[in-house]
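The block underneath contains the structure these notes are about, expressed in C-alpha cells.
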Amino acid sequence: RENDTSFMTQADLKMETLKPSLESSWTEAGSGKLGRLFLEVLSCHDLPNLDVGEAVGNVTDSFVAAVFEDALVQTPIIDDELSPHWLPWTKRAFVFNMMHPTSTLYLAAFDYDFGPMENEPIGRVAVNLKNLKRDTVYTLRY
C-alpha cells in the first residue's frame, strides 16, 4: 500500500497544481454587474522565511490575498512551506463581479501569524486589467 501513503513528488505536485479548479470550489465576490474576472492562485516560489525556529522546521505559513474593487478574498494558509502550491480542490479559485473595466487587481503574499502578532507581508503586485483582452486566459508570474 505504498502508493496510498506516499507523498507527491515535485513533478506530481506541479502537474496536480496545473489542473483546473473544481467547479464547486470557485468563490464569488464583489457587487459589480459589468462583467466577471476569474482568478486562480496556483503557487508561490522561494518565499523568504519570516518565522522563528527554522532549525526545527518552523518556516513561513503562507497565504495569498486578492483585492478587487469592493471584494477581498484569500487562499487557505499553507503551514511551514516556502514554495506553497494550492491544489484544485482548495479555495484558490475566485470570480470577481466587475464594476469598472479598468480596475486594478491587487495580489499579496503573507506569512500568517497566530495570536497578537499581525500577518507579515511578503510581497505584492498590482495587475492593470486594461492591458488584458476579454475572453482570454492568462497565466501570470510575478
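The values are calculated or read from the model by the stated rules, or taken from the named source; none is laboratory data. Because the structure is predicted, anything quoted here is derived from the model rather than measured. For neighbour counting, all protein chains shown are included, and Cβ atoms are generated from backbone atoms with ideal geometry for every residue, glycine included. Calculation scope for accessible area: heavy atoms of the full protein, side chains included, ligands and nucleic acids excluded. Shrake-Rupley method; radii C 1.70, N 1.55, O 1.52, S 1.80 Å.
Proximity of backbone amide H atoms, modeled 1.01 Å from N, is registered between Ser43 and Trp86 at under 5 Å, excluding neighbours fewer than 5 places apart on the same chain. Computed in the context of the full set of protein chains, the accessible area of the chain at 1.4 Å probe radius has 54% of its extent on carbon or sulfur. For the chain, the number of Lys pairs separated by eight or more positions or lying on different chains, with C-alpha atoms closer than 26 Å, is 7.
In this simple spin-label model, placing a label point 7 Å from the Cα along the Cα-to-Cβ direction at both Asp113 and Arg36 gives a separation of 3.8 nm. Summarising the amide proton neighbourhood of Asp51: residues at separation of 5 or more, or on other chains, whose placed amide H is nearer than 5 Å comprise Thr60. One Cα centroid belongs to segment 100-142, the other to segment 35-53; the line between them spans 9 Å.
Database remark: amide H of Gly35 closer than 5 angstrom to the amide H of Met98 (H placed geometrically; neighbours at sequence offset of 5 or more, or on other chains; Pro and chain starts carry no H). Working note: Karplus 6.51/-1.76/1.60 with θ = phi - 60° gives segment 120-131 the couplings 9, x, 9, x, 8, 8, 10, 10, 7, 6, 5, 8 Hz, where Gly and Pro are set to x. Think of each Lys and Arg Cβ as +1 and each Asp and Glu Cβ as -1; about the Cα centre, that makes the dipole of the chain roughly 1020 debye. Computed about the Cα centre, the dipole magnitude for segment 4-87 is approximately 420 debye when only Lys and Arg (+1) and Asp and Glu (-1) carry charge, each at its Cβ.
Accessible surface for the chain, divided over its residues, is 69 Å² per residue with a 1.4 Å probe. Shape of the chain from its Cα gyration tensor (a ≥ b ≥ c, root eigenvalues): rounded if a/c is under 1.5, otherwise prolate when a/b > b/c, or oblate? The shape class here is oblate. Karplus-derived 3J(HN,Hα) values for segment 36-42, using 6.51 cos²θ - 1.76 cosθ + 1.60 with θ = phi - 60°, are 9, 10, 9, 9, 10, 8, 9 Hz; glycine and proline are entered as x. Highest average first, the peptides 17-23, 87-93 ordered by how many other beta carbon atoms sit within 10 Å of their residues are 87-93, 17-23.
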